[in-house]
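A.B. asks: Take this structure first; my questions come after.
A short reminder: the numbers here are calculations on the coordinates, not readings from a lab. Being a predicted model, the structure only gives us computed values, none of them experimental. Note that each Cβ is placed from the backbone with ideal geometry, even for glycine, and that neighbours are counted across all protein chains shown.
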C-alpha cells in the first residue's frame with residue numbers, strides 16, 4: 001500500500017480534532033466503552049474495526065450525540081461536546097440503514113439540514129446542486145428514495161450528511177447493504193470524496209478489508225477498548241497482540257517457548273560479507289535497536305525489562321514507555337532474495353540470517369524456529385509466532401531457508417489468482433500457505449497428500465506474547 | 001387448485017348468511033310500500049322521502065356528526081401523543097402500569113364508563129349537552145387511536161428521527177417534519193376508527209347526553225321502542241351505503257398506491 005506523507009499522529013505539534021479522554025460508557029451493569037483515550041486528527045480517515053459488540057457503534061453514537069458518556073470527556077476542537085444534543089453539534093452521520101426520509105425527494109433530503117439553519121433559498125439551492133454533482137445524482141433530484149437503487153440511496157445518504165460541511169463525518173457501516181462489486185467501487189468513491197472535501201471521516205465497520213482499504217489509520221477494538229491503533233500496513237505486518245493478528249486477515253499461529261539467540265554467534269561462525277558486518281545494515285533486533293536509538297539514557301537489559309513488565313509495573317504502574325509499533329526495516333536477507341514460491345527457492349545461506357532475536361521451541365524433537373526480529377525481552381516466555389500465509393513458501397524439495405517445516409498437503413483452496421494450501425506439519429499443527437498461481441493449473445506440481453516443505457525467512461513472522 | 005367441495009360451499013354460504021342476511025332484510029324492507037315492516041306490499045322509495053322531511057332525524061344526524069368530528073379529532077391528538085410516549089420513552093418506572101391503563105378502557109364495560117363519566121360531570125357541575133358527549137367519546141376512543149398509532153410506530157425506523165436531529169432539527173421539528181408525515185396513514189385510520197365508534201355509540205352517549213344533544217343512535221333507539229318504522233330502515237340503508245362506498249374507495253386507493261410503488265421500485269432497480 002502506497003504510504004502518503006499524511007501522518008499528523010506522528011507530529012507532536014499537531015492539534016487533534018477529536019480527543020477522547022478517559023471515556024467510559026455503561027448501560028446498567030454492562031460496560032460498552034472502558035476508559036478510552038484516543039486522539040483523531042483533522043482530515044483523517046479513521047476506521048473503528050471490531051467484532052459486533054466491541055463498542056465501536058457506541059463510540060460513534062457518542063460522537064454523534066445519541067449517547068452521553070458516563071465518565072470522561074469528548075473534545076471537538078478542544079471543546080467538550082459530551083453532553084451537547086445531536087442537533088447542536090457540527091458532526092454529521094451517515095446511517096447504516098441510510099435513514100433517508102421516505103416522503104421527501106432526493107433534493108429535499110439533501111436540503112433538509114441546510115433548511116434547518118434557515119439559510120437563504122438560493123444558497124440552499126446552490127449547495128444542494130453542488131452535492132448532487134459531487135455524488136453524481138443530478139438526474140435523480142426529484143425522485144423519492146424508493147424510486148432509486150441501493151447504490152444511489154447510499155450516495156444520497158452521503159450527500160445529505162456532507163451538505164452541512166461538517167467538521168466530522170461519521171459513517172456507520174456505510175457499505176454494508178451493497179453487494180461486493182458495488183462496495184469496492186464505492187470504497188474508492190468514498191476516499192475520493194473524503195479527499196475532495198477535506199472532511200475528517202470516522203468509519204465504523206466489521207469488514208477488515210474495507211477498513212484497510214479506506215482508512216489512514218485503523219483502530220482495532222475489543223470489549224470496549226482499543227487494542228491497537230496504527231496505519232493499515234502496521235496493523236497487518238506488525239500487530240501488537242495475538243488478537244489483532246488473528247482478527248486482521250489470515251494468520252498461522254505457532255505456539256512455543258522463546259529462547260534468546262546469541263547476538264554474535266551466527267555472524268562469527270560464518271564469514272559474513274563485509275557490508276553485513278556493519279551494524280547499520282544489519283540491526284541486531286530492529287525493534288529493540290530502534291527503541292535504544294530513540295530514547296536517551298540507559299535501556300534495561302532483558303532481565304530488567306522482564307522485572308519491570310512482570311513484577312514491578314503491576315504494582316507501581318508502567319514507567320517505561322511502550323514503544324509504538326512500527327514496521328521493521330527490511331533486513332538484508334529479505335531484500336537479497338526473492339520469496340520462495342513454488343519454484344525451487346533461491347539458495348539462501350545460513351549467514352544471511354541476521355543475528356540476534358529469538359529461537360522458538362515449538363514442538364518436541366523439532367528444530368527451533370528462528371525469529372531474528374523477536375524482542376529479546378520475551379526470553380523464556382510463552383510466545384506465539386504469527387505468520388501470514390503469503391509469507392510462507394511451499395516446495396516439494398527442501399529449500400535452503402532459515403526456517404523449514406515438513407508437512408503433508410491436506411487441502412487446497414483454489415481462488416483463481418492464488419491458492420491456499422492447508423498443510424499438516426509434524427506435530428499435527430495445521431499451517432496455511434499461499435502461493436500465486438503463476439502457472440496454469442494443469443502444470444501445478446503440488447497436489448493433495450503430497451509431502452511438501454514450507455519455508456520462511458527469519459523475519460517473516462511476528463513474535464507475540466501468548467495470552 | 002383444489003376442487004370446491006360441497007362442505008366448503010355450505011360453510012361459506014352459512015357464514016355469509018349469518019353476517020349479511022339481517023342487513024339484506026333491512027335494506028329490502030326499506031323499499032317496502034307498506035307501513036308494516038314485516039309485510040311486503042310492493043316497491044317504493046317513499047320512506048326515503050319522508051326521512052328527508054323528518055326534522056328530528058336530521059337534527060340528530062347533525063349532532064352526531066358534530067360530536068363524532070370533534071371527539072375523534074381530540075382523541076387522535078391525545079392518542080397519538082400517548083402512543084408516541086409509550087414507544088419512544090423507553091423504560092421508566094411504571095411503564096407497564098401506564099401502558100396497561102391506556103388500554104384498559106378497551107375492555108371496560110361501556111355501562112361503567114358511561115356511569116362514571118356521568119357522576120364526574122354531575123360532580124364538577126358540568127351541564128350535560130354536546131360538550132359532555134364529545135368529552136365522553138374522546139375518553140373511550142382515544143385508546144383505540146393509541147393502539148393503531150403505536151402499532152405503526154413500533155415498526156418505524158428510529159434512525160429517521162436520529163437523522164433529523166443529526167441534521168440540526170429540533171425534537172419538535174423532527175416530529176412534525178419527519179415522524180408525523182410518515183405515520184400519517186395510521187393517524188388517519190385512527191381518526192376514522194374513532195369517528196365510526198363515536199357515530200354508533202349508544203350506551204355512553206345516553207348516559208352523558210342532555211337536552212338538545214340527542215344523537216342519531218339515541219333517536220333511533222327511542223323511535224324503535226315506539227314501533228319500528230320503515231323510515232328507520234331507510235336511514236340505516238343510507239348509513240350502510242355510505243360506509244360501503246367509503247371502505248371500497250379507501251381499499252382501491254391504497255391498493256393502487258401499493259402497485260404504483262412496487263412498479264417504481266422495480267424500475268429503479270433496472271435503471272441502476
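A.B. asks: So how do A:212, B:101 line up by other beta-carbon neighbours within 10 Å, fewest first?
C.D. replies: So the ranking, lowest neighbour count to highest, is B:101, A:212.
A.B. asks: Which order results if A:169, B:180 are arranged by neighbouring Cβ count within 10 Å, fewest first?
C.D. replies: The most exposed by this proxy come first: B:180, A:169.
A.B. asks: Of the residues B:227, B:49, B:246, which exhibits the maximal mean-square fluctuation in a Gaussian network model of chain B defined by a 10 Å Cα contact cut-off?
C.D. replies: Taking springs between Cα atoms under 10 Å, the residue moving most is B:246.
A.B. asks: Now for a separate question. In a Gaussian network model over chain B where Cα atoms closer than 10 Å are linked, find which of B:203, B:220, B:28 has the largest mean-square fluctuation.
C.D. replies: Fluctuation is largest for B:28.
A.B. asks: Can I ask one more? Where a ≥ b ≥ c are the square roots of the eigenvalues of the C-alpha gyration tensor, would you call the protein assembly as shown rounded, which needs a/c under 1.5, or, failing that, prolate if a/b is larger than b/c, or oblate? Walk me through the numbers before you get to the answer.
C.D. replies: Values: a/c = 3.12, a/b = 2.53, b/c = 1.23.
Prolate, because a/c is 1.5 or more and a/b exceeds b/c.
A.B. asks: Right, another one. Could you order peptides A:237-245, B:121-129 by the average number of other Cβ atoms within 10 Å of their residues, highest first? Mind dumping the intermediate values first?
C.D. replies: On the way: A:237-245: 20.7, B:121-129: 12.2.
Packing order, densest peptide first, comes out as A:237-245, B:121-129.
A.B. asks: Something else now. Would you mind classifying chain B by shape? Square roots of the alpha carbon gyration tensor eigenvalues, ordered a ≥ b ≥ c; an a/c under 1.5 is rounded, otherwise it is prolate if a/b is larger than b/c and oblate if not.
C.D. replies: Working: a/c = 2.20, a/b = 1.31, b/c = 1.68.
It is oblate, given that a/c is not under 1.5 and a/b is not larger than b/c.
A.B. asks: Right, next: Answer rounded, prolate or oblate for the range B:1-125, using the Cα gyration tensor with square roots of eigenvalues a ≥ b ≥ c: rounded when a/c is under 1.5, else prolate when a/b is larger than b/c, else oblate. Walk me through the numbers on the way to the answer.
C.D. replies: On the way: a/c = 2.92, a/b = 1.42, b/c = 2.06.
In terms of gyration-tensor shape, oblate.
A.B. asks: Let me ask you something else. Would you look at the GNM of chain B, springs on alpha carbons closer than 10 Å, and say which of B:120, B:78, B:21 moves the most?
C.D. replies: Largest GNM mean-square fluctuation: B:21.
A.B. asks: Same structure, new question: Quickly rank A:184-195, A:87-98 as a protection proxy: mean count of other C-beta atoms within 10 Å, highest first.
C.D. replies: A:87-98, A:184-195
A.B. asks: Provide the FRET efficiency to the nearest 0.05 for the residue A:108-residue A:130 pair, computing r from the beta carbons and using R0 = 25 Å. Don't skip to the answer; put the middle values down first.
C.D. replies: Numbers: r = 16 Å, r/R0 = 0.64.
With R0 = 25 Å, the Cβ-Cβ based efficiency is 0.95.
A.B. asks: Just how far, in whole angstrom, is the range B:81-127 from the range B:255-269 if you go by their alpha carbon centroids?
C.D. replies: With the range B:255-269 and the range B:81-127 each reduced to a Cα centre, they are spaced 41 Å.
A.B. asks: Let me know the mean shielding of A:58-71 by other chains, meaning the per-residue number of their Cβ atoms within 10 Å of its Cβ.
C.D. replies: Across the residues of A:58-71, the mean count of other-chain Cβ atoms within 10 Å is 1.
A.B. asks: Also: Quick one: helix B:216-225 against the long Cα principal axis of chain B, what's the angle to the nearest 10°, folded into 0 to 90?
C.D. replies: Helix B:216-225 sits roughly 30 degrees off the main axis of chain B.
A.B. asks: Out of all DSSP beta bridges with both ends in the range A:2-247, state the antiparallel percent to the nearest 5.
C.D. replies: Just about 50 percent of them are antiparallel.
A.B. asks: What list do you get for B:155, A:70, B:113 if you sort them by fewest beta carbons within 10 Å?
C.D. replies: Sorted ascending by nearby Cβ count, the order is B:155, A:70, B:113.
A.B. asks: Take every residue in peptide A:91-103, count the Cβ atoms of other chains within 10 Å of its Cβ, and give the average of those counts. Don't jump to the answer; show the numbers that get you there.
C.D. replies: Values: counts 1, 4, 6, 2, 6, 1, 5, 4, 11, 3, 8, 5, 6.
Mean number of neighbouring Cβ atoms from other chains: 5.
A.B. asks: Return the whole-Å distance between the Cα centroid of the range A:352-395 and the Cα centroid of the range A:429-453.
C.D. replies: The distance from the Cα centre of the range A:352-395 to that of the range A:429-453 comes to 23 Å.
A.B. asks: Output the 0 to 90 degree angle, nearest 10, between the alpha-carbon long axis of helix B:6-30 and the longest principal axis computed from the alpha carbons of chain B.
C.D. replies: 60
A.B. asks: Follow-up. Over what distance in Å are the Cα centres of the range A:239-259 and the range A:1-64 separated?
C.D. replies: If you average the Cα positions of each part, the centres end up 24 Å apart.
A.B. asks: Continuing with the same structure: Among the DSSP beta bridges whose two residues both lie in the protein assembly as shown, what percent are antiparallel, rounded to the nearest 5?
C.D. replies: Among the beta bridges of the protein assembly as shown, antiparallel pairing accounts for roughly 75 percent.
A.B. asks: Okay, next question. Output the relative contact order of the range A:2-247, whole-number percent, from Cα pairs under 8 angstrom with separation of 6+ residues.
C.D. replies: 26
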